[in-house]
1. Considering only segment 38-75, state which residues are among the aliphatic types (A, V, I, L, M) and farther than 30 Å from ALA245 by Cβ.
2. Every residue in segment 5-22 that is exposed (fewer than 13 other Cβ atoms within 10 Å of the Cβ) and either touching a Lys or Arg at 6+ places or on another chain (Cβ under 8 Å) or not polar (S, T, N, Q) (or both), please.
3. Looking at segment 93-117, I want the residues that are modelled with pLDDT under 90 and among the basic types (Lys, Arg) and have a partner that is assigned to a helix (DSSP H, G or I) and buried (at least 22 other Cβ atoms within 10 Å of the Cβ) with Cβ atoms under 9 Å, at least 6 apart or on another chain. Which pairs are those?
4. Out of curiosity, is SER5 more than 24 Å from VAL204 (Cα to Cα), part of a loop (DSSP other than H, G, I, E, B) and more than 26 Å from the chain's Cα centre (by Cα)?
5. Within segment 12-43, count every residue that is touching a residue at least 12 places away in the same chain (Cβ under 8 Å) and assigned to a loop (DSSP other than H, G, I, E, B).
6. Quick one: count up the residues across segment 64-88 that are closer than 10 Å to ILE231 by Cα and of a type in the set (Ser, Thr, Tyr).
7. Look through SER96, SER50, SER100, SER72 and report the one residue that is of a type in the set (S, T, N, Q) and surrounded by 17 or more Cβ atoms within 10 Å (Cβ to Cβ).
8. Identify the residue in segment 152-204 that is touching a residue at least 40 places away in the same chain (Cβ under 8 Å) and of a type in the set (Lys, Arg) and, among all such residues, is farthest from TYR136 (Cα to Cα).
Amino acid sequence: MRRQSPLQTKSGWSTPDRIIVKGFDLCQDLMGKVSLGDMAFLELTDRLPSPSESVAFNALAITLVEHGITPSALAARLTYTGAPESLQGAVAAGISGLGSVFVGSMENAARLLQEEIAGDSAKDLDELAHDIVNRYAEKRQKIPGIGHHFHKPVDPRAPPLFSIAEDNGLSGKHVSLMRKISDAAEKKLDKPLPVNATGAIAAVASELGIEWRIVKGIGIMARAIGLVGHIREEIANPMAREIKARVEEEATSLLRKT
C-alpha cells in the first residue's frame with residue numbers, strides 16, 4: 001500500500017478563541033497593524049514585508065486595480081445585470097477574463113526574467129538581453145513586458161514603478177534585464193518598444209522574490225477590488241443593459257433590413 005504523506009498547511013488554523021495566519025495571531029498581530037497590501041505580501045511570501053518592500057509591493061498592486069472599461073470590467077457588469085443576486089459571480093466572471101493580453105502578461109514576463117537570470121547567472125546582462133531578443137525575433141514571437149497597443153510612446157505606469165523600486169533598494173538584475181531587453185528590442189526592430197506596466201511589475205515582483213507562477217496573482221487580487229468598484233458604479237449608474245441593447249441592434253441591423 002502506498003504510504004500517504006500527511007496533509008499539512010501553513011496558511012492558517014483556528015481554535016474557538018484564536019485565528020492564526022502564517023504564524024501570526026490575526027486579532028493581535030495583524031488587524032489594525034498591517035495594510036491590505038502587506039497582508040497580500042504575507043500570503044504570497046510567508047512573511048511580512050520590510051518598509052521598503054511594502055512601498056514597492058503596494059505600488060504594484062495599486063497599479064492594477066483599475067484600467068477603465070476593459071473586457072473584464074464589461075464581463076463583470078454584464079454578469080451582474082443578469083444575476084444581481086451574485087456579486088461574487090460577477091467578480092469571478094471578470095477575473096476569468098484576465099489572461100495573456102490583459103493583466104496576465106506579467107506572468108510571462110516574470111518567467112522570462114527569472115528563468116533567464118537563473119539559467120545564465122554569470123552572463124553579462126547586455127549579452128543576455130541581446131540573445132533573448134534574437135531568439136524571440138527568430139521565432140516571430142512577441143516579447144512579454146515591452147510595448148503597448150494604446151499607451152505610447154511610453155506606458156506612464158512603468159517609469160514611476162521603476163523609480164519606486166530604485167528609491168527602495170529594489171532595482172537589481174531583474175529590473176536591469178527588463179530595461180536592457182527593451183533597449184535591445186528597439187535596436188533590433190527599429191521601433192519604440194518601452195517597458196510596459198506588466199514588464200515593470202514582473203521585474204519589481206521578481207526583485208521581491210515572488211515566484212513567476214504567482215506574479216499574476218497580484219493582478220488578480222488587485223483587479224478584484226476594481227471589479228467590485230465597477231459593480232458599485234453599475235448599481236448606481238447602469239450601462240450594461242444599454243451596451244447589450246446597442247450591440248444587439250448593431251449586430252443584427254443587416255438582418256433586420258432583409
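The values are calculated or read from the model by the stated rules, or taken from the named source; none is laboratory data. A quick note: this is a predicted structure, and the numbers were derived from the prediction, not measured. With ideal geometry, Cβ positions are generated from the backbone for all residues, glycine too; neighbour counts draw on all protein chains shown.
1. The initial filter retains those residues of segment 38-75 that are among the aliphatic types (A, V, I, L, M), namely 39-40, 42, 44, 48, 55-56, 59-62, 64-65, 69, 73-75.
Passing the criteria: MET39, ALA40, LEU42, LEU44, LEU48, VAL55, ALA56, ALA59, LEU60, ALA61, ILE62, LEU64.
2. Pass one, segment 5-22, residues exposed (fewer than 13 other Cβ atoms within 10 Å of the Cβ): 5-11, 13-18.
Selection gives PRO6, LEU7, LYS10, SER11, TRP13, PRO16, ASP17, ARG18.
3. Partner pairs satisfying both residue conditions: none exist.
4. Details: more than 24 Å from VAL204 (Cα to Cα): yes; part of a loop (DSSP other than H, G, I, E, B): yes; more than 26 Å from the chain's Cα centre (by Cα): yes.
Spelling it out, SER5 is indeed more than 24 Å from VAL204 (Cα to Cα), part of a loop (DSSP other than H, G, I, E, B) and more than 26 Å from the chain's Cα centre (by Cα).
5. Final tally of qualifying residues: 4.
6. The total comes to 3.
7. Details: SER96 fails: surrounded by 17 or more Cβ atoms within 10 Å (Cβ to Cβ); SER50 fails: surrounded by 17 or more Cβ atoms within 10 Å (Cβ to Cβ); SER100 fails: surrounded by 17 or more Cβ atoms within 10 Å (Cβ to Cβ).
That would be SER72, the only listed residue that is of a type in the set (S, T, N, Q) and surrounded by 17 or more Cβ atoms within 10 Å (Cβ to Cβ).
8. Among them, the one singled out is ARG157.
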